[in-house]
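Visitor: Can you read through this structure? Questions will come right after.
None of the figures in this text is laboratory data; all of them are computed from the coordinates on show. Just so we're clear, the structure is a prediction, and the values are computed from it rather than from any experiment. As a convention, Cβ positions derive from the backbone with ideal geometry for all residues, glycine included, and neighbour counts pool all protein chains shown.
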C-alpha cells in the first residue's frame, strides 16, 4: 500500500468515525456514553489533524478533551434525571426544525467547502510546527497569548463565583423564588407531567 | 507520520489483546441467576440502582481544572522555543502563569478546593 | 491437565470469610496461614469460608455472598464452639477442622483441577421485581424515573447541606462487609460519597429465638477473670494481643495489608519478651505521617469525654477512668492509665498503641501477681461489670452520630476505630452466660 | 484526503452540532452541540492551515484559540448549570421558560 | 519501525514489566509481612494467580453497561502501550519516536482517566461507582503536576521528544538538574496507576472499588492493565529523569531496564509503607503545593537552561 493511499484510508476511517460518533452523541440515553461519544468524535478529529501534520494540535486536543469530556460526563450525571438512560426518554424539542437547521447548515457549509476556490498552497516547510506555534505565541501574537491568560483567569473567577454556595455575597439559595418542581422525598418521583406535552418524535429504539 | 503508524498499531494491538480476554471460554457469561448478579454490599441487598445523580463534591475544583488545564496548550510550544527566545520567553510565560495562579489563589481563598 | 490448570492449582486459595458466632479469633489469624489469601470481595474469591456457627440472621447474607462468588466455587466450614445445626442444610458444604489450611487447600485444588464440581447457585433465580415486558420499552420503567427498570427503582433526591438536592442511595451494608467488624449491619443513606445518615441494623448475633448464645468471645479471658483468680501477666498479655489484633484490622483498611499481616503474627505469638519489637512497631506507626493524616480529625465523637462509655474510646478523648486504677493487684504495680486527647480516630489508635505497650510492660513486671476476682475488670474495649451492659453495646450506640456527614472512607476509619464486637454487643449484660 | 473532503467532514460535524444544540432540552446536552460545532470549526481551521495557507502559524494559533473558547464555554456553562440547579432544581431549558410565567 | 515489530517490542516490554512488578510486589509484601517463602514460589506466584483468574468465570451485575465495562481495561492497556511506544528503549531505538512525545504521553494518560471512570461507572454497583468518582478527583489533581514536570524536563532539550530529552541528559541527569521533578512525577505517577497510598479508586474500604464486581478474565484484564500503566510511568520516569540509556559499561537497553526496575521497586516500597491518603486532603495539597512546586520546577529549570 503506497503511502498516500494509507493516509487516505486512515483519513476515511478517522473522519467517518468522528462523524458517526458525533451523531451517536444524540442517539444514546446514557449520559456517560453521550459524553464519551463526543470524546470519540474529538479523537477522530485529533487523528485527522495528525494526518495533516498538525501533530501537536491533534495530540493536545485529545489531552484536553479527555479531561473536559470526563468532567462533562460527571456534570451530566449529576444534573440529569435518569442519567444512565434506564428509562429511555426523548429529551428533544423542535425536533423537525432542528433537523432541518442541521441539514441546512451542513449543506451550506459543505457547498462552500466544495465550490469556493481556496488557494492551493499546501504546507511545504519541514520545520517543526510546534516550534512555529511557539514562536508565533511569543512573538507576533504575544498579546493574544496574554489575553488568553486573562480570559482564563476571568473564567476561573466567574465560574467559581457562580457555582459555589458560600460566595462572598451570601448563601446562593437565599431569596430563591419558586418551590422545587417535584417532591423531594424518596422514592423516585413520579413521571413528569411536564414532559408529556412535547412532541415525542420517534427517537427510540428500544 | 511513520512513528504515528507504529504508535497506532501498538495502541490497537495492546487494546485488542486485553479486550481479547473477553473471548476466553470462561469470560462468556453463562446463564447467571438473578442472585448471582446482585451487586456486592457485604451480604446486604440493594434497593435501588446505583446509577443516580451522583453528588460530586469537587465540582468547583473541576471547573478550576477546565480553565487551568488550557495553560498546558500554551506551555508545550513555549517549551520547544524557550531556549532560542531567551529571557523574553521566560518573562512572558511567567506573566501568563502568574495570571493563572491568581485564579488558584482566588479559588483557595473562596474555599473552592475544599469539597462541598 | 493443561499447564494453566496445573499453575492455577498451586495458586494461593482466594478466600472470602463469613465470620459466624465464635469465629472472630480464628478469623483474625486467617492472613497468617500459608497458601490462603484473604480477599475483600466475593467476586475475587474461589472459596467461601464459614468460620464458626451461623445464626438465623446470618444465613441469608451468607447465601447472598455465596452466589456472588464466581464459579468454580466451594464452601468450607470451620466449626468453632457451639453448632446449632443451621449449617447442616447447606448443600455441598465441606467441613474442615478449624484452622486447617491444608484441608481448605485440598478442596480448592480439587475444585481447580475439576475433580470437584463447583457449587451450584443456592438462592432461587427470582428477579428483585417483575419488569420484563412492562413499560413503554419493555424495561419495566414508566416515565422519566418511575417504575422498576430492569427490576429496581431509581433512587430519589434528598436535601443536602450543599443545596443541590441530588440523589441519595439507601444501602444496607453488612453483616459480611470485610472492613466492618463481623456482624455489623449498617443502613446508610449515601449521597455521592458522603454518608448522610447511618443507623445500625438488627444485630445478627441476636437472632436466635432463645436469646444470644455466643461462642467463645475474643475477650473471653477477661470475662472468666471476673469470677476466677487470674494472673495479671496473663490478663495484660491478652490485652496487648487484643489491641494488636485490632491494629492489624485497622492497617488493612488503611491499605497496609502486608504490615497488617506482620502485626497479626505478632499478636498471635505475643510474649512479654516481645516488648522491644512492639515498641519499635509502635514508634514507627506513631511517626507515620500518612497514618496520622488518614485518621486525624476523623470520627471525632461529639460529646464530652465524661459522657462516653468508659474504655479506650473515652480515654482517647481525655477521660482517665480505668477500672484497673482501683484494683489492688494493679495498684501494687504502680498502674497509671494511659490517656490521650482529641477523641478522633487518631487519638484512638494512639491510645490502643500506648495501652498495648503498657500492657506488655506490665506483663513483664507482674511476675506471679494474681488478680483476685472482683465485680469490675477493665477489658480491652471497656470495663466489664457483672450484670451491666457490655462495652460493645455501648460503643455501637456511638456509631450513627459519628458517621453522619463523613466521607465513605472516613466512615470506615471511624467504624474500625471504635473496635466493636457485634457478638459481645448482642449480650444484654456481662457474664450473663458464663457465670 | 483533499481540502474539499476535509471541509465536508467539518461541515458534517458542524451540522450535527447545530442539530444537537437546537433540539436538546437540557443545558449540558446543548453544550455538547456547541462543542461539536467548535470541533468542526477546528477541523476546518487545521485543514485550511495545512492545505491553503502554506502552513501560516496563525492557523495553528486560531485552533488553539478555539480550544480555549471551548474550555471557557465549558467552565462557564457548567457553573451556570450548577447555579441554576441550585435555585430551580431543574436543568431543562423548557422548564425555565415555564417557571418564568 | 514496522508495525509488527513495534507491537512485539511494546508487548514484550509491557508484559515483562508487569510480571516483574508483580514479582517485586509479592516479594515486598512477603518481606514486610515477615512470611518467608522460597524464591521460586515468589517468582511463579503471579503466573499462578493469573492462571486461576483465567479459569474462573466472569460474573456480571444486574444491569451493567457491558460494552463500556469491557472497554475500560482495553483503554488502559492501549494508552500504556502508546506511552511505552514513545520512549526510546536504547539510543536511537524508540518504537515510535514521536516529535511531540511528552504530549502523546500526556494525552494517553488523560485517556486513562476515562478508562478508570468507565470501569467504576459501568458496573451499576455502589462501591465501584464511588471508586470511579474518587479517581476523577485524583486525576484532576495529579494531571497538571505530571505534565508540568515533563515540560520542565523538555526545556533544556529544546524539544518535546523523549529521545531528545534523554539525549540532553548526557552530562548530568535530570534527577540532579531538576531535583523537584522526580518526586513530583512519582506522586503523580502513583496517582495515575492508583497505586499504593493513592489507590482510593480500588481501595480496601470500598471492597476493591472499581474492581469490586469483576471476576475471572475481566479481573485479570484489569489487574494487567493497571500494572501496564505503572510500567509505562516507570519507563517514562527512567527516560526523562534518570538519564535513560546513559550509563557506563553496560549497553543502553540494560540501563533502561535497570532504571525502570528501580523505579518500580521504589513505588512498590512506597505502596507497602505509606497508608492510603484521604483524597479530600490530597486534592488541596495537589493544588496548593504540588502545582506551585511544579511551576517553580519549570521556571527554575528554564532559568538554568538559558
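Visitor: Could you please rank C:63, E:140, C:308, placing first whichever residue has the fewest other Cβ atoms within 10 Å of its Cβ?
Guide: C:63, C:308, E:140
Visitor: Let me ask you something else. Over the alpha-carbon set of chain E, work out the extent along each principal axis and list the three values in angstrom, largest first.
Guide: 59, 43, 43
Visitor: For a quick check, take a GNM of chain C with Cα springs below 10 Å and name the residue from C:293, C:199, C:28 with the largest mean-square fluctuation.
Guide: For chain C, modelled as a Gaussian network with Cα springs under 10 Å, the answer is C:293.
Visitor: If we count other beta carbons within 10 Å of each Cβ, what is the order of D:82, E:291, fewest first?
Guide: By the 10 Å Cβ count, ascending, the order reads E:291, D:82.
Visitor: Return, for the Cα atoms of region E:267-306, the radius of gyration and Dmax in Å, separated by a comma.
Guide: For region E:267-306, the Cα radius of gyration and maximum Cα-Cα distance read 14.4, 41 Å.
Visitor: Please list log₁₀ I(q)/I(0) at q = 0.09, 0.22, 0.23 Å⁻¹ for region C:3-113, using the Debye equation with identical point scatterers on the alpha-carbon positions.
Guide: Each listed q maps to, in turn, -0.20, -1.26, -1.38.
Visitor: Tell me, how many Å apart are the Cα centres for region C:82-96 and for region C:275-323?
Guide: 40 Å
Visitor: Computed over the Cα atoms, what is the radius of gyration of region B:1-111 divided by 2.2 N^0.38 Å, N being its residue count?
Guide: It is 1.87.
Visitor: Okay, moving on. Evaluate the relative contact order of chain C (contact order divided by residue number), counting alpha-carbon pairs under 8 angstrom at least 6 apart; express in whole percent.
Guide: Taking the mean separation of contacting Cα pairs over the length of chain C, I get 15 percent.
Visitor: Considering just Cα atoms, how many Å³ per residue does the convex hull of region A:128-167 enclose?
Guide: Hull volume over Cα atoms, normalised by residue count, gives 63 Å³.
Visitor: Taking each residue in C:255-266, count the Cβ atoms of any other chain within 10 Å of its Cβ, then average. What number comes out?
Guide: 6
Visitor: Run the quick spin-label model on residue E:281 and residue A:111: label points 7 Å from Cα toward the beta carbon, then report their separation in nm to one decimal.
Guide: So the two model labels end up 6.5 nm from each other.
Visitor: Of all beta bridges DSSP finds with both residues in the protein assembly as shown, what is the antiparallel percent, to the nearest 5?
Guide: So the antiparallel bridges amount to about 60 percent of the total.
Visitor: How much of the pair distance distribution for region E:241-296 lies past 16 Å, counting alpha-carbon pairs only, in percent?
Guide: Summing the P(r) of region E:241-296 above 16 Å gives 64 percent of all pairs.
Visitor: Can you give me the Rg/Rh ratio for chain C, using Cα atoms for both radii and the Kirkwood formula for Rh?
Guide: Rounded to two decimals, Rg over Rh is 1.00.
Visitor: Where Rh denotes the Kirkwood radius from the mean inverse Cα pair distance, what is Rg over Rh for region D:10-90?
Guide: 1.11
Visitor: May I ask you to derive the FRET efficiency for residue A:3 and residue E:39 from their Cβ-Cβ distance with R0 = 45 Å, giving the value to the nearest 0.05?
Guide: 0.30
Visitor: Name the most mobile residue of C:178, C:229, C:61, meaning the one with the largest mean-square fluctuation, in a Gaussian network model of chain C with Cα contacts below 10 Å.
Guide: The residue with the greatest mean-square fluctuation here is C:229.
Visitor: Moving on. Give the order of C:348, C:331, C:24 when sorted by the count of other beta carbons within 10 angstrom, beginning with the fewest.
Guide: C:331, C:24, C:348
Visitor: What is the pair-distance distribution P(r) of region C:220-426, computed from all Cα-Cα distances in 10 Å bins starting at 0, with each bin given as a whole percent?
Guide: Histogram of Cα-Cα distances, whole percents per bin: 9, 37, 38, 15, 1.
Visitor: Kirkwood Rh over Cα pairs of region E:52-113 into Stokes-Einstein at 37 °C, 0.692 mPa s: D in µm²/s?
Guide: It comes out at roughly 237 µm²/s.
Visitor: List, largest first, the extents of the alpha carbons of region C:329-378 along their principal axes, each in whole Å.
Guide: Each principal axis gives a Cα extent; for region C:329-378 these are 35, 25, 13 Å.
Visitor: Cβ neighbours within 10 Å, averaged per peptide: list C:184-192, C:216-224 in order, most packed at the top.
Guide: Highest-to-lowest ranking by the protection proxy: C:184-192, C:216-224.
Visitor: What residues from region C:311-337 fall in the zone where the backbone N is under 16 Å from a label point 7 Å along the Cα-to-C-beta line of residue C:388?
Guide: Hits in region C:311-337 for residue C:388 at 16 Å: C:311-315, C:319-328.
Visitor: Still on this structure, I have one more. So which residue, out of C:233, C:306, C:62, gets the largest mean-square fluctuation from a GNM of chain C using Cα contacts under 10 Å as springs?
Guide: C:306
Visitor: Still on this structure, I have one more. Treating each Cα of the protein assembly as shown as an identical point scatterer and ignoring solvent, apply the Debye formula and state log10 I(q)/I(0) at q = 0.04, 0.08, 0.10 Å⁻¹.
Guide: Those come out to -0.22, -0.88, -1.34, one per q.
Visitor: Can I ask one more? Distance between Cα centroids, region A:1-42 to region E:141-209: provide it in whole Å.
Guide: For region A:1-42 versus region E:141-209, the Cα centre distance is 31 Å.
Visitor: Going 7 Å from the Cα of residue C:113 in the Cα-to-Cβ direction, what parts of region E:41-79 have a backbone nitrogen less than 13 Å from that spot?
Guide: The answer is none, because no backbone nitrogen lies closer than 13 Å to the label point.
Visitor: Which translational diffusion coefficient, to the nearest whole µm²/s, is obtained for region A:103-153 from the Stokes-Einstein equation, given a Kirkwood hydrodynamic radius over C-alpha pairs, 10 °C and 1.306 mPa s?
Guide: 110 µm²/s
Visitor: Sticking with this structure for a sec: Using alpha carbon centroids, what distance separates region A:91-130 and region E:74-115, in Å?
Guide: 32 Å
Visitor: Related question: With no solvent and one point per C-alpha, what does the Debye sum give as log10 I(q)/I(0) for region C:45-103 at q = 0.27 Å⁻¹?
Guide: Scattering profile of region C:45-103, log10 relative to I(0): -1.29.
Visitor: Could you work out how far apart the two model spin labels at residue E:288 and residue E:5 are, taking each label as a point 7 Å from the Cα in the direction of the beta carbon, and quote it in nm?
Guide: Going by the 7 Å Cα→Cβ label model, 5.3 nm.
Visitor: How much FRET efficiency would the formula 1/(1 + (r/R0)^6) give for residue C:93 and residue C:268, where r is the Cβ-Cβ distance and R0 is 35 Å, rounded to 0.05?
Guide: Once the sixth-power term is evaluated, E becomes 0.85.
Visitor: So how far apart, in nm, are the two label points at residue B:87 and residue C:303 if each is 7 Å from Cα heading toward Cβ?
Guide: Taking the two extended label points, one gets 6.9 nm.
Visitor: Between residue C:199 and residue A:150, what's the calculated FRET efficiency when r is the beta-carbon distance and R0 is 56 Å? Round to 0.05.
Guide: After rounding to 0.05, the efficiency reads 0.60.
Visitor: If only Cα atoms are counted, what is the Rg of region A:1-82, and what is its Dmax, in Å?
Guide: 14.5, 51
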